[in-house]
Amino acid sequence: MSDIKKFMYVNRKAPYGTVYALESLEVVLIGAAFEQDVSLVFMDDGVYQLAKGQDSSASDMKNFSPTYRALEMYDVEKLYVARESLEARGLTEADLIVDVELKSADEIRDLMEEQDVVLSF
Amino acid sequence: MLHTINKSPFQTNSLESCIAHAKEGSTVLLIEDGVYAAMKDTKVSAMLREAMSRFTICALEPDLKLRGVADKVMDGVKLVDYAGFVDLACDNDKVQSWL
């Protein structure tokens, strides 16, 4: 199909403190129905969205982190995490709930340039 | 005086401003995205470590748990629950929220 476009979702906000992370996830899932070439980038505080062990039992918020594991079923498999952002926050790949590819800022810049559409959250 | 911080230290300068303006001996409570400042081995750990010598640093445990970082808190940070938050608000004469 020639009408497949490359969509990149750039996630830069921590979950829960603002609604950006949840909104992004919802748009990604809706967009997945259109069978486009989708990639997700997590950088800056966005890397916190993928932190393992999120537990809402003591608060009134809903833990939506298990949904990231469902992305694979929607053929959303390109998950990129900014290495510098992760390291600055004392996190490693082992602290994340899904398999991701760590990318440098240069690599993310190149990926961004390849896209037809970039959506920011 | 009780100071609360609800923003990520990587997103705003709330933590920096708070510790620059709070009086020695004050209590600083990290809540919501502010709890990320309590994690060890981050770019702001040294800033928080230094602040601990002048302030009592607390973090709201339900917010740490929600974010999956409760097991990565720096030594010396006091964990409080919602009832503890209420106690802090009542025991201090004023509350300054660094929004």
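We did not get these values from a lab; they are worked out from the coordinates using the rules stated. Since this is a predicted model, take the numbers as computed values, not measurements. No Cβ is skipped: glycine too gets one built from the backbone with ideal geometry, and neighbour counts run over all protein chains shown.
Taking the criterion of being under 23 Å from B:D71 (Cβ atoms) and of a type in the set (S, T, N, Q), would at least one residue in the stretch A:65-72 satisfy it?
Of the stretch A:65-72, the ones under 23 Å from B:D71 (Cβ atoms) are A:65-69.
Filter once more, so that each one left must be of a type in the set (S, T, N, Q): A:65, A:67.
Yes.
B:T4 - would you say it is more than 10 Å from every other protein chain (Cβ to nearest Cβ) and within 15 Å of A:G17 (Cβ to Cβ)? Full working, then the answer.
Numbers: more than 10 Å from every other protein chain (Cβ to nearest Cβ): yes; within 15 Å of A:G17 (Cβ to Cβ): yes.
In short, yes.
Every residue in the stretch B:7-19 that is surrounded by 20 or more Cβ atoms within 10 Å (Cβ to Cβ), more than 10 Å from chain A (Cβ to nearest Cβ) and either assigned to a strand (DSSP E or B) or not hydroxyl-bearing (S, T, Y) (or both), please.
So the first thing to find is which residues in the stretch B:7-19 are surrounded by 20 or more Cβ atoms within 10 Å (Cβ to Cβ), and the list is B:7-10, B:14-15, B:18-19.
Filter once more, keeping what is more than 10 Å from chain A (Cβ to nearest Cβ): B:14-15, B:18-19.
Result: B:L15, B:C18, B:I19.
Wholly within the stretch B:20-92, which helices (runs of 4 or more DSSP H) include no fewer than the required count, namely at least 1 residues that are crowded, with 18+ Cβ neighbours inside 10 Å and at the interface with another protein chain (Cβ under 10 Å from one of its Cβ atoms)?
B:61-66
Could you figure out which of (1) closer than 23 Å to A:M112 by Cβ; (2) acidic (D, E); (3) surrounded by fewer than 16 Cβ atoms within 10 Å (Cβ to Cβ) isn't true of A:D45?
(3)
Any idea which of (1) away from every other protein chain (no Cβ under 14 Å); (2) closer than 17 Å to A:L111 by Cα is the one A:G31 doesn't satisfy?
A:G31 satisfies every listed condition except (2).
Within the stretch A:9-23, identify whether any single residue is aromatic (F, W, Y) and farther than 21 Å from B:R67 by Cβ, and answer yes or no.
Looking for residues that are aromatic (F, W, Y) and farther than 21 Å from B:R67 by Cβ, one finds none in the stretch A:9-23, hence no.
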